[in-house]
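Each value in this text was obtained by applying a stated rule to the coordinates, not by laboratory testing. If you're wondering where the values come from, they're calculated on a predicted model, not measured in any experiment. For neighbour counting, all protein chains shown are included, and Cβ atoms are generated from backbone atoms with ideal geometry for every residue, glycine included.
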Amino acid sequence: MVQAYTNVTEYFALKKANEQLAKENARFHAREPQSYYKYDHEVFQIKDSIYVQQYTYITAQVINNSVNKRNNYITLNRGSKQGIEPGMGVISPQGYVGVVTDVSQHFSVVQSFLHKLSSVSAKLYKSNYSGIMEWPGRSSTYGLLKDIPGHVELNKGDTVVTTSFSMVFPQGITLGTIEEPELNTSTNFYDIKVKLSTDFQKLDHVYIVNNLLKKEQLELEQLAKQEDAE
């Protein structure tokens with residue numbers, strides 16, 4: 001009986017320690033340079049700083065997850081009461097996870113990268129060439145990076161990260177590393193097999209990404225579209 005009590009006590013102590021570590025990591029992400037929008041100091045300043053916070057991170061725990069279907073989803077223990085909205089990005093300590101699609105008061109559902117409709121704007125960290133990364137199905141370990149020109153030099157192990165083209169994630173979030181590039185001779189573009197940095201079978205604590213400037217960007221781009229239509 002004493003041993004059982006000890007095991008239970010150690011379990012909850014470890015769980016509390018993991019939750020605290022996740023919170024500390026979220027604060028660390030929020031302080032990273034890519035989480036800030038840089039103002040040109042000659043144009044605009046706020047409190048003598050050329051940076052303003054653009055991305056914040058909310059810790060969440062995975063309470064349901066699938067990896068072996070064609071369309072996989074993840075359930076998190078955070079919802080609208082914690083400020084979660086559809087369209088927010090989700091990352092793990094290792095990298096990209098997916099995008100929030102549905103939210104209730106206390107829970108949210110994430111469309112995992114392991115989904116036939118998932119795609120993310122990606123680039124080669126070393127050369128900055130960009131393309132689109134998708135999940136081809138079958139394995140939860142690999143993605144497929146497309147639209148990289150055939151003249152680009154590639155090496156196994158090169159890092160693939162998110163671009164600045166998305167309003168969901170800051171640039172530089174790790175997606176994975178090049179495993180096997182294959183040149184499509186008919187198009188002269190690569191189909192690149194990428195080993196995913198996130199182990200989707202071991203997801204536990206994740207971070208929900210909130211772009212504080214997303215609404216402003218969307219409104220401006222919508223205004224531009226309306227002006228073009230006139």
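Approximating the spin labels as points 7 Å out from Cα along Cα→Cβ, the E85-to-Q201 distance works out to 3.7 nm.
FRET efficiency for the pair Q226 and M167, taken as 1/(1 + (r/R0)^6) with r the Cβ-Cβ distance and R0 = 30 Å, rounds to 0.95. Using a Förster distance of 45 Å, how high is the FRET efficiency between V152 and T75, based on the Cβ-Cβ distance and rounded to 0.05? Using R0 = 45 Å, I get an efficiency of 0.70.
Relative contact order for the stretch 139-190 using alpha-carbon pairs under 8 Å, separation at least 6, rounded to a whole percent? Intermediate values should be presented prior to the final figure.
On the way: 60 pairs, mean separation 20.4, N = 52.
39 percent.
Projected label points at K215 and N128, each 7 Å from Cα along the beta carbon direction, are separated by 3.3 nanometres. When both the stretch 173-230 and the stretch 129-167 are represented by their alpha-carbon centers, they are found 9 Å apart. Between N68 and F189, the simple label model (points 7 Å from Cα in the Cβ direction) yields a spacing of 3.4 nm.
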